[in-house]
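The values are calculated or read from the model by the stated rules, or taken from the named source; none is laboratory data. The shown structure was predicted, so the numbers you read here are calculated from the model rather than taken from an experiment. So basically every Cβ, Gly included, is an ideal-geometry build from the backbone, and we count neighbours across all protein chains shown.
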2 protein chains.
Amino acid sequence: MTESDLPVTDFHPYRWGDPARRTTLPAAAKETLAAFGVRTPEHEPVDLAGLTLPEPGFDLAPLAAVVGAEHLSAAAADRIAHTRGWSTPDLLKLRAGDLTDAPDAVACPGSHQEVVDLLAACERLAVAVVPYSGGTSVVGGLAPDRAGFAGLLALDLRRLDALIALDTVSRTATLGAGMRGVEAERLLREQGLTLGHFPQSYEGASIGGYAAARSAGQSSAGYGRFDDMVVGLELATPRGTVSLGSAPKSAAGPDLRQLVLGSEGVLGVITAVTVRVRRAPDTRVFEAWRFEDFEAGAAALRGLAQDGPLPTVLRLSDEAETSVNLADPAAMFAGGPGGCLAVTGYEGTAAEVAARRAGATELLTAAGGQPLGEEPGESWRHGRFKAPYLRDPLLDEGVLIETLETVTFWSGLHELRAAVVKALTDALTAQGTPPLVLCHISHVYETGASLYFTVACAQTDDPVAQWQQAKQAANEAIRSCGAAITHHHGVGTDHRAPYAEEVGPLAIEALRAVKQVLDPAGILNPGVLFESGR
Amino acid sequence: MTESDLPVTDFHPYRWGDPARRTTLPAAAKETLAAFGVRTPEHEPVDLAGLTLPEPGFDLAPLAAVVGAEHLSAAAADRIAHTRGWSTPDLLKLRAGDLTDAPDAVACPGSHQEVVDLLAACERLAVAVVPYSGGTSVVGGLAPDRAGFAGLLALDLRRLDALIALDTVSRTATLGAGMRGVEAERLLREQGLTLGHFPQSYEGASIGGYAAARSAGQSSAGYGRFDDMVVGLELATPRGTVSLGSAPKSAAGPDLRQLVLGSEGVLGVITAVTVRVRRAPDTRVFEAWRFEDFEAGAAALRGLAQDGPLPTVLRLSDEAETSVNLADPAAMFAGGPGGCLAVTGYEGTAAEVAARRAGATELLTAAGGQPLGEEPGESWRHGRFKAPYLRDPLLDEGVLIETLETVTFWSGLHELRAAVVKALTDALTAQGTPPLVLCHISHVYETGASLYFTVACAQTDDPVAQWQQAKQAANEAIRSCGAAITHHHGVGTDHRAPYAEEVGPLAIEALRAVKQVLDPAGILNPGVLFESGR
């Protein structure tokens, strides 16, 4: 399947994606894992259907009065389905039956005004609110700190899923925040258009989440990050509505859209987003290249980013990731071409693709790249949404597997990669579980690039604590290199402390002051981005 | 002269630019003006050298202690040279000898820390501060509201003019905020690099002003707006320092750089800016095209912006501007090719220029463009910094001439242009001074474009009030079309009211809250961007 014909799927609380596409581990992978000391956990995951939850500690009637009783639920299944996100610790907690972060109820408002009214009602009830869109946060963004509140409401935006407006002259589309990325792409393709946004969470994530968490997709080289695409936003707050976006760009003060983008639900609930759309490509070529080592490959990517032409998709795996080949479960651990694999993808008209491909081929060849042809490129393209499906069987087998990411300027990239690999390796080895640490570049800019790490090792008896220790070490390495604590996963609750260090106390104080204006009672995602202060 | 060999010039308080490049009006222009009822003003401009100013009403010693007595001045000439900016009302007021907005003193700190210390000292003295960089504001950004303060200090950043760091791997340069654009370009060219930022104010403007006011240059299609170039900022505030920019882009919360960009000195003083730089072009081609009418030309520009390839420079004059030919004083009012003139400029390597030019030529031809060759394109390029020099002799002759600009989405562009032309024409005709209204597109985006208007008519006896009335009508037209109140001039004090309408009361309250954190006493540019509230 390709990105425009994937189905919209409601995920199982702790199993990723479309049940029909779930996967098992190849034998080669199991053998390799045994060598890492991986043992199948003693306990099967807890059966969530057998669990109960306490009754909500607040009156649901005022909320039902806003959204209608049929759009409000305190049923255990609904609350469990809105518990936390998709980080490995989130999954491990659910597997262990830990429902401490479950919301007390789930409301599905049907309009922007209902969101505004719901927030006002929650403010009166002193109920904290977690805005919920695709639910794919991997940084604890769906586990706010409800201490001091009467309870927690998950505000699920799924009913705000309309294509509200399409301006084919300006090439903008206004999309409801609850629209799934898959659905947005399908509707736009019907009009010969594309959003071009394909994050790894594509099967689950939604437009509002892309905006609130500054998503970046696999085609960011060609289509930009999601925050580059946004030209307008509707924000519902307990104090009313903020509408932003009178022009593509302007000098009318600070760009307040960029204050809402990345605000992760703490300043308000994004209910609609106006995005720039593009003509759907009619031609697509994906191919792969081999570089002798990561440094040589990174230099080639930097050349493309700085002097062009840029492919639509541009990635480079390090030696370890190249040898593991995560994108193709069938070939996983089967060995690869050695060196470092780069993938280049070109989309557009036939003439655009031909011109960009010719220019990039010239540069990649001059940079020492060895062309591997279209087959491994197409293989990556077809396999690219499969990787998240691997995590579930790996966790079943007793593997701790998780990812993290960062971004820095080109001149600091190799130091950053070495520091994070060392931090993760040292921290997990010290716990008796030496890890495999894989890394790739998947987003490039003229001045820098992201680094995405995948870590796998045997689980200890307390894999959540085991990972937290490793993650803490990685965070410290990132901070010591002066890099950003996250490239596209977001801050959530997990990155709150290093984020505060990164931007400094005055910036956090400024954000708090903005929150105080828009959400004076502090009900919106308390403890996400910064300490709730209650 | 070209953009990299213009001299750094200190402008006369009300005469633009390099004295050696000042110009006079051609005879054809004077004849045309007479037909508009233009009469030479009865009074010559007041001789500023003969004016005195009251002594500062606060103690200068604590400020001298920070910057050194030699970098602090209360001399009339220095204070007059820092009075207001370069809007036509600003010039008319100075010509009339109105020094009511003159600062009480001018301080030139020599380091970021001195700026921090100076702000702390001003806070203690209850002295308002106007950050001053190139001084080229045309929106009243240098005339804050000092009511309630002991006085006003102009904080001139000219000594912060160093190339602080150059990272040739990441292609970033860290520049002192007081560095002039001309000097930045000269220093970068020595390294084979370019910033590529050439606003109309290029001869006077500075790096800090580009950032604080979200400047856009004539090559924005190729190099982006200034806010696109910024990857890092140092902000001095009365509460200390905010350092932003750990990566090109990230998901670490809101992009706070975009909160500082466009903040026009009300949140802090930008002391250094880290910008993305590019390889200097080795090839450059400018040419011109004729379109039958503005609609046809705009459709062609939209095609280039949405489907590419984009030239480095892309502009389109409407029929009126095409006939006047502002770029070439010698040919002004001499008639032109009729229809609408577009200028396309291509810069880069020879191969890049050839490829982009071929693609753009194909699209422009298909869109009905008639190629006029390189001569008019080169003529525009060589004349492009001359237009501001025309204003002084026009004012001398009794012409009211001023510009304003806006930006909207493509689908609303023609309605916006018609509404603004009508508003200006009606408002000035009603005052007995029917105007000439010229318009061009000079900045394009995938989803929209800017409109830049030049207005000329005979001065009445009170030309400041005359213009304010016309400007008010234009603002209302812009607001009624839902467009942004400014594309690149900024908000200042002139656009404060329509800006508040544009973003709405909650957004203004949020900005005030940020200011309250960073500048609790409200000393920084009070009344710029929003009402000072004192």
Helices (runs of 4 or more DSSP H) lying entirely in region B:27-107 (those with 2 or more residues that are under 21 Å from B:Pro238 (Cα atoms)): B:61-67
Residues that are within 7 Å of chain A (Cβ to nearest Cβ) and over 19 Å from the mean Cα position of the chain (by Cα), drawn from region B:472-510: B:Gly482, B:Glu502, B:Val503, B:Gly504, B:Leu506, B:Ala507, B:Glu509, B:Ala510
Sole exception among (1) within 14 Å of chain A (Cβ to nearest Cβ); (2) modelled with pLDDT under 95 for B:Asp519, by number: (2)
Test: residue in region B:456-471 that is in contact with a strand residue (DSSP E or B) (Cβ under 6 Å, 6 or more places away or on another chain) and within 12 Å of another protein chain (Cβ to nearest Cβ): no
Unmet criterion (only one of (1) touching a His at 6+ places or on another chain (Cβ under 7 Å); (2) within 18 Å of B:Ala76 (Cα to Cα)) for B:Val129: (1)
Cross-chain or 6+ apart pairs with Cβ under 7 Å, region B:146-165 first and over 23 Å from B:Ala76 (Cα atoms), then charged (D, E, K, R) and crowded, with 17+ Cβ neighbours inside 10 Å: B:Asp161/B:Glu183
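Here's the yes/no breakdown for (1) at the interface with chain B (Cβ under 7 Å from one of its Cβ atoms); (2) without any contact (Cβ under 8 Å) to a residue 24 or more places away in the chain; (3) in contact with a helix residue (DSSP H, G or I) (Cβ under 8 Å, 6 or more places away or on another chain); (4) buried (at least 22 other Cβ atoms within 10 Å of the Cβ):
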{"position": "A:Gly240", "(1), (2), (3), (4)": "yes, no, yes, no"}
{"position": "A:Ala252", "(1), (2), (3), (4)": "yes, yes, yes, yes"}
{"position": "A:Ala280", "(1), (2), (3), (4)": "no, no, yes, no"}
{"position": "A:Leu304", "(1), (2), (3), (4)": "no, no, yes, yes"}
Subset tally (residues that are surrounded by 17 or more Cβ atoms within 10 Å (Cβ to Cβ), under 17 Å from A:Leu304 (Cα atoms) and more than 24 Å from the chain's Cα centre (by Cα)) for region A:364-416: 3
Considering residues of region A:189-244 that are assigned to a strand (DSSP E or B) and of a type in the set (Ser, Thr, Tyr) only, the residue nearest to B:Tyr445 (Cα to Cα): A:Thr194
Residue within region A:218-230 that is closer than 23 Å to A:Val129 by Cα and at pLDDT 95 or above present: no
Qualifying residue in region A:395-406 (condition: without any contact (Cβ under 8 Å) to a residue 24 or more places away in the chain and over 28 Å from A:Ala296 (Cα atoms)): no
Test: B:Glu531 is of a type outside the set (A, V, I, L, M), out of contact with any Cys (no Cβ under 7 Å at 6 or more places or on another chain) and not in a helix (DSSP H, G or I): yes
Odd one out for B:Thr88, checked against (1) within 18 Å of B:Ala387 (Cα to Cα); (2) at pLDDT below 95: (2)
Test: residue in region A:337-348 that is modelled with pLDDT of 95 or more, at negative phi and small (Gly, Ala, Ser): yes
Top-ranked residue in region A:271-317 [being polar (S, T, N, Q) and not in a helix (DSSP H, G or I); ranked as farthest from A:Thr344 (Cα to Cα)]: A:Thr271
Residue list for region A:266-278, restricted to those being more than 12 Å from chain B (Cβ to nearest Cβ), out of contact with any His (no Cβ under 6 Å at 6 or more places or on another chain) and farther than 30 Å from B:Gly303 by Cα: A:Val269, A:Ile270
Count - residues of region B:162-179 that are more than 14 Å from every other protein chain (Cβ to nearest Cβ) and surrounded by fewer than 24 Cβ atoms within 10 Å (Cβ to Cβ): 3
Residues (at positive phi and either buried (at least 20 other Cβ atoms within 10 Å of the Cβ) or β-branched (Val, Ile, Thr) (or both)) located in region A:479-534: A:Gly490, A:Gly492, A:Gly522, A:Asn525, A:Gly527, A:Leu529
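Name the residues in region A:136-157 that are part of a loop (DSSP other than H, G, I, E, B) and touching a Phe, Trp or Tyr at 6+ places or on another chain (Cβ under 8 Å), would you?
Correct list: A:Thr136, A:Ser137, A:Val138, A:Leu142, A:Ala150, A:Leu157.
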Members of region B:417-454 found to be of a type outside the set (Gly, Ala, Ser), buried (at least 24 other Cβ atoms within 10 Å of the Cβ) and within 12 Å of another protein chain (Cβ to nearest Cβ), listed by number: B:His443, B:Val444, B:Thr447, B:Leu451
Total residues in region A:166-177, condition in contact (Cβ under 8 Å) with a residue 24 or more places away in the chain, farther than 12 Å from A:Thr271 by Cβ and part of a strand (DSSP E or B): 3
